[in-house]
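The block underneath contains the structure these notes are about, expressed in structure tokens.
The values are calculated or read from the model by the stated rules, or taken from the named source; none is laboratory data. Only a predicted model underlies this, so the values are computations on that prediction, with no experimental measurement involved. Glycine also receives a Cβ, built like all others from the backbone with ideal geometry; neighbour counts cover every protein chain displayed. Accessible surface areas use protein heavy atoms only, side chains included; no ligands, DNA or RNA. Shrake-Rupley method; radii C 1.70, N 1.55, O 1.52, S 1.80 Å.
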Amino acid sequence: MSLTETELLRQILSQKYDFSFFSLELQGEKFDLATVTNIDQLYDDLIAKGPEHEDFIDERIPYWADLWHSGIGLADYLLDSGICKGKTVLEIGCGLGLPGIAAARSGGQVLMTDYLPEALEVTRLIWKMNIPIEPRLEVLDWRYPDPAMASDILLASDVVYEARNIEPLLEAFDVLLKPGGTIILSDPGRPLSRKFVESLAEKKYSLKETLLQVPFRDVLTKVYIFEIGRN
């Protein structure tokens, strides 16, 4: 029996990554997911490049390789609200891509982006485990946003974790969100995220805040969903 494209992709990526495969149910829908379990090796590979290497200097830490409560909360919110239906949707810093997959499942036309191509190759596998069409994936450094990617809805999960991210993200959101569009940001309650959201409010964006309790791996975590409308 010949391998399906998804099985072949899984086989190829398994030569590079150790995976944990599992399923998650959100709003009555089943999602087949994977996380990378050899994260320590990814860290070691980054350190081995040395302090003068571009990846080391730019701190390209493999946060993308795990699934975080904020991503689950964002996916759950998108499924429950139906906000993406019929809209163009851009996910930045997509990591393993669960929110983008949930947006597509709920009727959005989705483009998923990440700074690191490694994240996108694994996201492609997870997408194809859940949706039988080819995903739209692009490498994007939000410090250099591409106006051609501007969308009705902009998704971002766990992106505001360093002060250096705030100004580039504010500028990127201006470029990547269409007039009248909506940013949906999820976060576990970092003070920096609150500062970021307040900065957006100062730029005359409207704000709706929702608090979710998200269970994952026997840990219940608060996740804040900020729905930020462009006036």
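Comparing mean-square fluctuations of 54, 121, 209 from a GNM of the chain with C-alpha springs under 10 Å, the top value falls on 54. Per-atom-type breakdown for the range 65-196 gives carbon and sulfur 53% of the accessible area (1.4 Å probe, protein chains only). Solvent-accessible surface of the range 136-231, averaged per residue with a 1.4 angstrom probe and all protein chains in place: 51 square angstrom. Taking a ≥ b ≥ c as the square roots of the eigenvalues of the Cα gyration tensor, the range 101-218 is classed as prolate, since a/c reaches at least 1.5 and a/b is larger than b/c.
For the chain, the residue among 184, 133, 145 whose Cα projects farthest onto the positive side of the dipole built from Cβ charges is 184. Helical runs (DSSP H, four residues minimum) scored at -39500 (n - 2.57) apiece and divided by the length of the chain put the mean residue ellipticity at 222 nm at -10500 deg cm²/dmol.
A Gaussian network model of the chain, with springs between Cα atoms under 10 Å, assigns the largest mean-square fluctuation among 107, 50, 93 to 50. Given the options 146, 40, 218, state which has the largest fluctuation in a GNM of the chain using a 10 Å cut-off (strictly under) for Cα springs. Of 146, 40, 218, the Gaussian network model singles out 218 as fluctuating most.
For the range 1-51 versus the range 115-130, the inter-centroid distance based on Cα atoms is 9 Å.
Multiplying the residue separation of residue 146 and residue 32 by 0.36 nm and removing their Cα-Cα distance gives an extension gain of 37.9 nm.
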